[in-house]
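Comments concern the structure below.
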Amino acid sequence: MPPLDHWRAEFPLVDEVTYLVSHSLGAMPKRTAAALQEYADTWSHRGVRAWHEGWWEMGRETGNLLAPILGVDTGTVSMHQNVSVSMGVIGSCYRYDGRRRKIVLTDLEFPTNMYLFEGFRRYGAEVVYVRSDDAMRTNLERLLDAIDEQTVLVPLSLVLFRSSYIQDARAVIEKAQKVGAHVILDVYQAAGTVPLDIGGLGAEFAVGGSVKWLCGGPGAGYLYVRPDLARTLEPGLIGWAAHAEPFSFATGPVAYAAGAAERFQSGTPNIPALYAARSGYEIVAEVGVPAIRAHSLRLTRRIMDHAARAGYRLNTPALDRERGGAVIIDVPNGELVASELIRRQIIVDYRPGAGIRIAPHFYNTDQDIDTALAVLDELALASRPS
Ligand SMILES: Cc1ncc(COP(=O)(O)O)c(C=O)c1O
């Protein structure tokens, strides 16, 4: 039996359908149901005492579970609702009314980063989009040129959601640091399927969420801040949980908590989401991201080879070192084909300007891939323009 097959028993959904959509919503582990029951029991029977019996520290502890997956030190990760909020917290650490006021991002970033930082124009920010030559890769040279002495922030997806392309984060971070700008590395499409060493990369900030490859469900976004910056930054978008002594209920300006896990916090933590998220992190850590990556590369290669033989347009890099966990296949009438696949219990998704996204994870098998591709072939043939 291939070494990862036994994990399927932990994910009921993968025996019910052909589940190939972990770039969007990872399957729920069985253990998560028990964890959510524990949440309900604790609230039900411990009531307000729960805050001092673990709930208040839960954000820090959950961040610490993520730390080895992200490749960062413990105590450096704070938990938030999602990437949008985490990015907003970082954006709120800076001013945009001086000479250094640019936010540089490529036109292939996830739109939430664009919508959020567009809003910073009202504080004086200049939002600069770097044009890409196609929908697969950003133009690295153009991006590096755009990052200059007037740049404050560079939100950068490590893996692009449209094409699964792995960007050269090291080159971008090096250029940004040379001119005094800061990269916010969005690792959402990488964490849990591509091994990460964010500490080694020296990134100032990293953000992501738990919905996808981490199998942690919605509501558990995370924010890493490099420890030297975390000691000095003064985020504006905070709440009482960012105070050094929140239960002193001191009035007036905040006295920031020293630790990164607290200093960037807003208010009451999202406790049910934290209960839900942890089983996924534990399992991903237990399987090991390098083992997940090896399995994923083998299965995505299987899809790519088949697509090439069938003559489908691929919107995903061919080189293993440039490809994240998903493969994007662009067939005529892709949106219709994707809905029909879903109707036939092959769960994938479709993104305009990209194609049908197929994403195997550690609980998928060669058989899953072959089943999905056989149905895709049939539908693609039927929907071919005459
Ligand atoms: C790279 C990337 N960033 C961010 C998001 C979503 O952001 P949020 O957590 O704010 O919903 C996604 C979701 O697909 C994504 O792929």
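Calculated from DSSP H runs of 4 or more alone, at -39500 (n - 2.57) each and per residue, what is the 222 nm mean residue ellipticity of the chain, nearest 500? Show your work: numbers first, answer last.
Numbers: 14 runs with 147 residues, N = 386.
My calculation for the chain gives -11500 deg cm²/dmol from helical runs alone.
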Would you calculate the separation in nanometres between label points at LEU381 and THR251, each defined as 7 Å from the Cα along the Cα-to-beta-carbon direction?
7.7 nm
Over region 2-73, what relative contact order in percent results from Cα pairs under 8 Å that are six or more residues apart?
19 percent
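Just the accessible area per residue of the chain, please: how many Å² with a 1.4 Å probe? Walk me through the intermediate numbers first.
Values: 16320 Å² over 386 residues.
That works out to 42 Å² per residue.
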In vacuo Debye sum over C-alpha of region 40-141, base-10 log of normalised intensity I(q)/I(0) at q = 0.20, 0.21, 0.24 Å⁻¹, listed in q order, is -1.07, -1.10, -1.18
Cα centroid of region 168-240 to Cα centroid of region 288-318, whole Å:
26 Å
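Order these peptides, 337-345, 158-166, 184-192, by their mean beta-carbon neighbour count within 10 angstrom, highest first. Spell out each step's value before the answer.
Details: 337-345: 16.9, 158-166: 25.1, 184-192: 27.8.
In decreasing order of mean packing, 337-345, 158-166, 184-192 become 184-192, 158-166, 337-345.
When each pair of different Cα atoms in region 136-250 is counted once in the 1/r mean, what is the Kirkwood radius in angstroms, to one decimal?
About 15.7 Å, per the Kirkwood formula over Cα pairs.
With N set to the residue count of the chain, report its C-alpha Rg divided by 2.2 N^0.38 Å to two decimal places.
For the chain, the normalised Cα radius of gyration is 1.02.
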Highest-first arrangement of 241-251, 134-144, where packing means the average Cβ count within 10 Å:
134-144, 241-251
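The values are calculated or read from the model by the stated rules, or taken from the named source; none is laboratory data. What you see is a predicted model; the values in this text were computed from it and never measured. All Cβ positions, glycine included, derive from the backbone under ideal geometry; neighbour counts span all protein chains shown. To get the accessible areas, we keep the full protein, side chains included, count just its heavy atoms, and leave off ligands, DNA and RNA. Shrake-Rupley method; radii C 1.70, N 1.55, O 1.52, S 1.80 Å.
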